[in-house]
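Have a look at the structure below, then the notes.
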Amino acid sequence: MRVVVAGGGLAGLTAALRATELGARVTLLEKGESPGGSFVYSSGFVWSYRDLPTFRREAPGGDATLQRLILENLGPGLDWLESAADTPLTRETGNPLTFGARFDPKRTVSALVERIGASGGEILLHTSLEALLDDAGRVIGVRSSDQTHAADAVVLASGGFASDPELVGRYIIGGPGRMRVRAHPRSTGDGFRAALEEGALASAGLDEFYGRNLPAPPAEFPPERFVEVSQLYGRYAVAINARGERYADEGADWSETALTRATAHQPGLYAYYILDTAGLEGCVRERTAREMVETARSTGGIVIEAASLGELADRLGERGVPRDTVLRTLDGYNAAVAAGEEPSPPRTGQARPLSTPPFVAVKVAPSITHTIGGLAVDAGCRVLRKEDERPIPGLYAAGVEVGGVSVGGYTSGLASALVFGRIAAESAVADGQVQRRV
Ligand SMILES: Cc1cc2nc3c(=O)[nH]c(=O)nc-3n(C[C@H](O)[C@H](O)[C@H](O)COP(=O)(O)OP(=O)(O)OC[C@H]3O[C@@H](n4cnc5c(N)ncnc54)[C@H](O)[C@@H]3O)c2cc1C
């Protein structure tokens, strides 16, 4: 049986190795010069929410079948990754809502690549999937940048469309502007587009994304600094938009996904996080807001300091944010908090006034790490057809390509890669065996 895997991130490497273990002849196509995808920039935590009720609460619009698949298959997946690739750095996540392990991305990728080669699989670099080959509704291979590859099964693992400004503009931003990319630059929706052309059904959540607010331009940083430069202290700040207004609940969720998504819908796609001295001491994942602000400054980001809120409003006014609105927003927020009233928009967690000078404003811009919507699949990671919601024979998806897992929230992209990579390979090989018998 021949399996072609498109994409060499964690999802593709996992699917390729699992398929070779099950006896398939595997060719993995990787568009870039090296395998690994976004995994190599990541923190390496492969995790799931602890139980289904927590998963449902954190991602209420997500597909419960896929959430259960992750929950139930992550443990065996982690054991498999450990035996196939590398010992985890830790076997916990530090977040009481979740369980999982942390792997060294570079070491894990090299080990998987080596194992795929040693098991007879082939990895073709600089080779991209361009289209699916079809015979009477069955996928029978792919056309790549340089040739056709016949296959009994194709696993799409090309990482969603975070790096394609046209698709991000159309589905997510829904207007002008461009989001910073905090992901692999080659995940440009090739697999997603090819599957739609084949008649695939798109999942829910196409307008959602997972990402972080990062220092806004002119700040510059290489992908290796994506984790470090993240501005993950909205919960200690007051976030205002280009109109000088609060626009979201800064503390809505632990990962600040909701705040980042809301920022992507603000004029100019930016915001200012405003902190007082007490807020700067707030701690997230063992780093203070002050440290994260200093990182923003070190990248050339815009960091404004002022002795009073009036002076801060003046400085923001010089940058085009209406001074009077800024002051009205901050005074109104402070007054509501001091009176024990809910500010508008409401604020989850302990709201504190901005009262201890000096004050700081940091310009942030939303970035996309991965898409939430993608291809609709069944519990075997078989891509579904739009027309009748039945599997398209020969077509599977894994990783970010699988859409709809965490609609309304966020979950581990690396868990989707590991769990769905294994399931896609297992379904592809099992379906191939059934196909040969009939
Ligand atoms: C800074 C950062 C930190 C993160 N931290 C975490 C974390 O701690 N925990 C977690 O769970 N997630 C984390 N993530 C997200 C996680 O890394 C991704 O969700 C995950 O790696 C996605 O894996 P994937 O294999 O589905 O896709 P990708 O990693 O995007 O891989 C897709 C691959 O397909 C290739 N490709 C694209 N198009 C084609 C084509 N046409 N033909 C052939 N190949 C193609 C690409 O070059 C790429 O190598 C982080 C991401 C970043 C950027």
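The values are calculated or read from the model by the stated rules, or taken from the named source; none is laboratory data. Everything quoted here is computed from the prediction, not taken from an experiment. Every residue, glycine as well, gets a Cβ built from its backbone with ideal geometry; the counts of neighbours run over all protein chains shown. To get the accessible areas, we keep the full protein, side chains included, count just its heavy atoms, and leave off ligands, DNA and RNA. Shrake-Rupley method; radii C 1.70, N 1.55, O 1.52, S 1.80 Å.
Counting Lys and Arg as +1 and Asp and Glu as -1 over every other residue whose Cβ lies under 12 Å from the Cβ of Lys363, the net charge comes to +3. Considering only Gly340, Gly279, Gly121, give the residue with the highest GNM mean-square fluctuation for the chain, with springs between Cα atoms whenever their separation is below 10 Å. Of Gly340, Gly279, Gly121, the Gaussian network model singles out Gly340 as fluctuating most. Remark on Ile302: its backbone amide H falls under 5 Å from those of Ala216, Ala219, Lys363, a criterion applied only to residues 5 or more positions apart or on other chains, H modelled at 1.01 Å from N.
Suppose a student asked you for the relative contact order of the chain, using Cα pairs under 8 Å spaced at least 6 residues apart; what percent would you report?
Values: 1055 pairs, mean separation 105.6, N = 438.
Once normalised by length, the contact order is 24 percent.
Shape summary: segment 211-367 maps onto an equivalent ellipsoid whose semi-axes, from the alpha-carbon gyration tensor, are 22, 17, 15 Å in decreasing order.
Extension gain for Ser119-Ser34 works out to 28.7 nm (0.36 nm per residue, less the C-alpha to C-alpha distance).
Projected onto their three principal axes, the Cα atoms of segment 24-137 cover extents of 41, 40, 25 Å, largest first. Here the Karplus relation 6.51 cos²θ - 1.76 cosθ + 1.60, evaluated at θ = phi - 60°, turns the backbone of segment 7-23 into coupling constants of x, x, x, 4, 4, x, 5, 5, 4, 5, 5, 4, 5, 5, 4, 8, x Hz, with x for every Gly and Pro.
Across segment 45-57, rounded Karplus estimates of 3J(HN,Hα) from the backbone phi angles (6.51 cos²θ - 1.76 cosθ + 1.60, θ = phi - 60°) give 7, 10, 9, 9, 5, 4, 8, 5, x, 5, 4, 5, 5 Hz, Gly and Pro being marked x. GNM on the chain, alpha-carbon springs under 10 angstrom: the most fluctuating residue among Thr188, Thr20, Thr65 is Thr65. Across segment 211-367, C-alpha contacts under 8 Å between residues 6 or more apart give a mean separation that, scaled by the residue count, equals a relative contact order of 37 percent.
Remark: C-alpha extents of the chain on the principal axes read 76, 41, 39 Å, sorted largest to smallest. The 3J(HN,Hα) values that the Karplus relation (6.51, -1.76, 1.60; θ = phi - 60°) gives for segment 328-335 are, in residue order, 4, 5, 5, 5, x, 5, 4, 5 Hz. Gly and Pro appear as x.
Sorting Leu28, Leu132 by accessible area puts them as Leu132, Leu28; the probe is 1.4 Å, largest comes first, and only protein heavy atoms count.
Full-extension gain between Glu389 and Thr65, please, as 0.36 nm times their residue separation minus the C-alpha to C-alpha distance. Intermediate values should be presented prior to the final figure.
Working: separation 324, 0.36 × 324 = 116.64 nm, distance 1.52 nm.
So the chain would gain 115.1 nm between Glu389 and Thr65.
At a probe radius of 1.4 angstrom, the accessible area of the chain per residue rounds to 39 square angstrom. Taking amide hydrogens as placed 1.01 Å from N in the peptide plane, the amide H of Val284 sits under 5 Å from those of Ala289, each at least 5 positions away in sequence or on another chain. Shown for the chain: the carbon plus sulfur share of the solvent-accessible area, taken with all protein chains present and a 1.4 angstrom probe, equals 49%. Of the residues Asp388, Asp276, Asp314, the one that moves most in a GNM of the chain with alpha-carbon contacts below 10 Å is Asp388.
What ranking, highest mean first, results for peptides 210-218, 89-97 when packing means the other Cβ atoms within 10 Å averaged over each residue? Write out the running numbers ahead of the final one.
Details: 210-218: 22.4, 89-97: 13.6.
Descending packing order for the listed peptides: 210-218, 89-97.
Excluding residues on the same chain fewer than 8 positions from Lys106, give the aspartates and glutamates whose Cα lies under 19 Å from its Cα. Straight-line reach from Lys106, under 19 Å: Glu30, Glu33, Asp79, Glu82, Asp86, Glu114, Glu224, Glu228. Using only side-chain charges placed at the Cβ, +1 for Lys and Arg and -1 for Asp and Glu, the dipole size of segment 211-367 relative to its Cα centre rounds to 240 debye. The aspartates and glutamates whose alpha-carbon is closer than 13 Å to the alpha-carbon of Lys31, local same-chain residues fewer than 8 away aside, are Glu130, Asp146, Asp190. Annotation: amide H of Val5 within the under-5 Å range of Thr27, Leu28, Leu29, Val155, sequence separation 5 or more or interchain, hydrogens built in the peptide plane.
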